[in-house]
Number of protein chains: 2
Amino acid sequence: MELEVLCSRTHDVKNVIGNLSTEVKNRVLHDAAKSILAHQDEIIAANAVDLENGRNNQMPQGLLDRLMLNPSRIAAIADGLDQVAGLNDPLGEILSETTRPNGLILKKVRVSIGVVGMIYEARPNVSADAFGLCFKTGNCVILKGGKDAIHSNIAIVNAIKEALKINQIPEDAVNLITQTDRETTTQFMKMNQFVDVLIPRGGAGLISAVVNNSSIPVIETGTGNCHVYVDESADFEKTLNIIENAKTQRIGVCNAIESLVIHESVANEILPQIYNRLEPYHVQFRCDEKSLSILSGKENVIAATEEDFGKEYLDYILSVKIVDSIDEAIAHINHYNTGHSETIMTEDSEHADKFMKEIDAACVYHNASTRFSDGNEFGFGAEIGISTQKLHARGPMGLEALTSYKYLIFGDGQVRP
Amino acid sequence: MELEVLCSRTHDVKNVIGNLSTEVKNRVLHDAAKSILAHQDEIIAANAVDLENGRNNQMPQGLLDRLMLNPSRIAAIADGLDQVAGLNDPLGEILSETTRPNGLILKKVRVSIGVVGMIYEARPNVSADAFGLCFKTGNCVILKGGKDAIHSNIAIVNAIKEALKINQIPEDAVNLITQTDRETTTQFMKMNQFVDVLIPRGGAGLISAVVNNSSIPVIETGTGNCHVYVDESADFEKTLNIIENAKTQRIGVCNAIESLVIHESVANEILPQIYNRLEPYHVQFRCDEKSLSILSGKENVIAATEEDFGKEYLDYILSVKIVDSIDEAIAHINHYNTGHSETIMTEDSEHADKFMKEIDAACVYHNASTRFSDGNEFGFGAEIGISTQKLHARGPMGLEALTSYKYLIFGDGQVRP
């Protein structure tokens, strides 16, 4: 289908989708889960074509693994749709209600956004996840997945459309852009007339391409250059546990830490302990001058460059900076961070308050691991991504991030004086 | 100052401005008001240069009027700053607080956005208004006003900076871009590194230029193609009053109506009455086939083109469409509207509910004038603009629209299992 036709058709049904009852939406979500399971063989066959093409194109092993679907992964996708059906429907919530002096009653009510565009890479599960979250919140979704997953995505979207059809819901509630050229993607980012928001999911390159080229509002999700700051009064046991957890539990995620900032009064004592705790993981330490001298002679310790402090390694690497005050720590973190998640380790509640107030990030922690920055850990039941921008949604985004509001004003003939 | 230096310097003080106490902010706002009054002569002299240039450049009379400052307008600008000082400070509000099963306490707290960029035309009052609203919400502001008002803007910003200086607040809390070429404006829209949000204020051309060229998130304010739908059971007296108010009270504003949609069962009776009510204002009626036949032979009645239904006239002109059902009315309005404000005139509460649910607009009214779509009328105390997009803020925007939130997470050594 031509891109503009596809966007326009999706836009045309947004009113229907935005006003479905919770009951109907949940039934469709369960049916979509069933349909995906029923079409498992076709989906796996389509995925095999993508995998074969990927291997022929020398796709790295890590990406091939993300692309691969098998019965247990398909069961997980279906299970995800069933779980979204079980979440509360946020639409219709009255966010505020006031009566004005002239008698007008003003209600602010939560509504769907309309048409959501998703741009993502070769992870076919995102196709079903995005549909589930958007449909539950009364939104239509236009999917633009990576070209390496195109056959898998077509098979998944066909299975979902079948569930819409048997429920007599417009199938245009979900559409997949099947053209895989860059030009179509760029055109898609200019479809303001039909698309209300774009959400890119993927690596830094994809996200910055969307931010720079889109004229549609974008929710930027993203990169995390997260820090742990070890203050003068830090409890060492908690600190060692949290640094180990935040650095090594999963290295490839945005809420893992990439940098340590340590007060000089405790650096001599705790830094070697941190080093020892992370030694089994072969973590490389990239150190400023002072920390380099503390760890001098040890394996896997090198001097940091200025660039290191701004890097999201997503690897067994940590940069280390020694500071002489909490103010210097805050200034350093605010200069280099990406606005994601930052932790202070301290037993001094005034320092904790200061840090939490002055650090500019979506999530600021006191004595806890940055790995908790996650929609499920925050109790949202689902996550569309973690926003590192400040408009609309910040931090882990649950269903509410996919909603807007409108004002309903009830009068009895009032005119403005 | 070079653009990047100016943006970077503003960015550098956002943390200070975002953490000022309410008391300090209010004192600065009052002092800024005093300083503007104290520098009235310089501001008027600078404005005289702009006016002289405007006249030499054949600036239309309406724009010259918007550009012109005199003692009473300067008093109004100062009064605006005093009023903003009197509003509640939204920062620090706890938006939610939960305790997770692992003992983590999660607080969602309202914070400033950081650096706001304003791009506007030759209305020098916007310089002070924007500073006041941004400063009250803990934001720094970078102003890019129209080149026709550059001398006035410099004088106003200098007066504000003086008030910052005497209170020992960083003067970079407000900066004016003094380069007036287009290239600088385009560069400004790409300063993502330093600017968190751009708010364009002005005509449709300015707004679409910002939406299309900015890589910084934009809050789109704007155009209003607003409708009144007269349903079968409309009360005629209320309907006539509201149409007169919404069309004629102020024609140049975005919440004035541009189009009538009338149910065919009442069109023969009410349309001539509407025509008579608006005759003193010489309103031109641009009619579809059916309404044209009802008003045939009357002065100022012409056939509408397809284009008319999508137009924001900002003039004594109304398009008219007759429909055979409320569904057709809703479909027509949702097709042509700009998502601003729409009214249904009906005594049928089921029809009112349906209209309010299905119309996709920021403000949907039952039996009231669209002219109420305004921050002050909604009780917000101030207005930065009326958003016609669905992300972040929709409809009239008060101080809250200039805020974001962050999560503060209080732990006691928790790590993610």
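A short reminder: the numbers here are calculations on the coordinates, not readings from a lab. None of the values given here were measured: they were computed from a predicted structure. Cβ sites come from the backbone with ideal geometry, for glycine too, and all protein chains shown count toward neighbours.
When the square roots of the Cα gyration tensor eigenvalues are ordered a ≥ b ≥ c, the ratio a/c for the protein assembly as shown is 1.5 or more and a/b does not exceed b/c, which makes its shape oblate. When chain B is turned onto chain A, its residue with the beta carbon nearest the axis, and that distance in whole angstrom, is B:His392, 2. For a quick check, take a GNM of chain A with Cα springs below 10 Å and name the residue from A:Leu67, A:Leu198, A:Leu81 with the largest mean-square fluctuation. Of A:Leu67, A:Leu198, A:Leu81, the Gaussian network model singles out A:Leu67 as fluctuating most. Entry note, chain B: relative contact order of 17 percent, from Cα contacts under 8 Å with a spacing of 6+ residues. Here the Karplus relation 6.51 cos²θ - 1.76 cosθ + 1.60, evaluated at θ = phi - 60°, turns the backbone of region A:204-209 into coupling constants of 4, x, 4, 5, 5, 4 Hz, with x for every Gly and Pro. In this structure the amide hydrogen of A:Gln414, modeled in the peptide plane, comes within under 5 Å of the amide hydrogens of B:Ser369, none closer than 5 places in sequence on its chain. With the simple model of a label 7 Å out from the Cα in the direction of the Cβ, A:Asn70 to A:Tyr281 spans 2.7 nm. Taking label points 7 Å from Cα along the Cα-to-Cβ direction, B:Ala303 and A:Val16 give a separation of 3.4 nm.
For A:Thr186, the label point sits 7 Å beyond Cα toward Cβ; its separations from the matching points on the remaining copies run 1.5 nm, from shortest to longest. For B:Gly62, the label point sits 7 Å beyond Cα toward Cβ; its separations from the matching points on the remaining copies run 5.8 nm, from shortest to longest.
What is chain A by shape, rounded, prolate or oblate, if you read a ≥ b ≥ c off the alpha carbon gyration tensor as root eigenvalues and call it rounded for a/c under 1.5, prolate for a/b larger than b/c, and oblate otherwise?
Taking the square roots of the gyration eigenvalues as a ≥ b ≥ c, chain A is oblate.
Between A:Ala159, A:Ala149, A:Ala204, the Gaussian network model of chain A with springs among Cα atoms under 10 angstrom shows the greatest mean-square fluctuation at A:Ala204. Centroid-to-centroid, using Cα positions, region A:77-122 and region A:12-70 are 24 Å apart.
Mind giving me the FRET efficiency for B:Gln273 and B:Ser325? R0 is 22 Å, r the Cβ-Cβ distance, nearest 0.05 is fine.
0.50
Taking amide H atoms as placed 1.01 Å from N in the peptide plane, the amide H of B:Asp235 lies under 5 Å from those of B:Thr346, B:Glu347, each 5 or more residues away in sequence or on another chain.
Using mean Cβ contacts within 10 Å as the protection proxy, how do B:30-39, B:357-366 order, highest first? Each step should come with its number before you reach the end.
Working: B:30-39: 20.6, B:357-366: 23.9.
Sorting B:30-39, B:357-366 by mean packing, highest first, produces B:357-366, B:30-39.
Distances between every pair of Cα atoms in region A:332-406, grouped in 10 Å steps from 0 to the bin holding the largest one, split as 19, 45, 28, 7, 0 percent.
3J(HN,Hα) along region B:243-259: 5, 4, 5, 6, 8, 10, 4, 8, 7, x, 10, 6, 9, 6, 7, 10, 8 Hz, from the Karplus curve 6.51 cos²θ - 1.76 cosθ + 1.60 with θ = phi - 60°, whole Hz, x for Gly and Pro.
Under 5 Å from the amide H of A:Gly385 lie the amide H atoms of A:Met397, each residue being 5 or more positions distant or on a separate chain, with H modelled from the backbone and absent for Pro and chain starts. Summary of the geometry: region A:369-417 and region B:346-392, compared by the centres of their Cα atoms, lie 20 Å apart.
For the segment B:384-397, counting C-beta atoms of other chains within 10 Å of every residue's C-beta and taking the mean gives 4. In sequence order, region B:298-311 has phi-based couplings of 7, 5, 6, 10, 9, 6, 7, 9, 3, 4, 4, 5, x, 9 Hz under the Karplus curve 6.51 cos²θ - 1.76 cosθ + 1.60, θ = phi - 60°, and Gly or Pro positions carry x.
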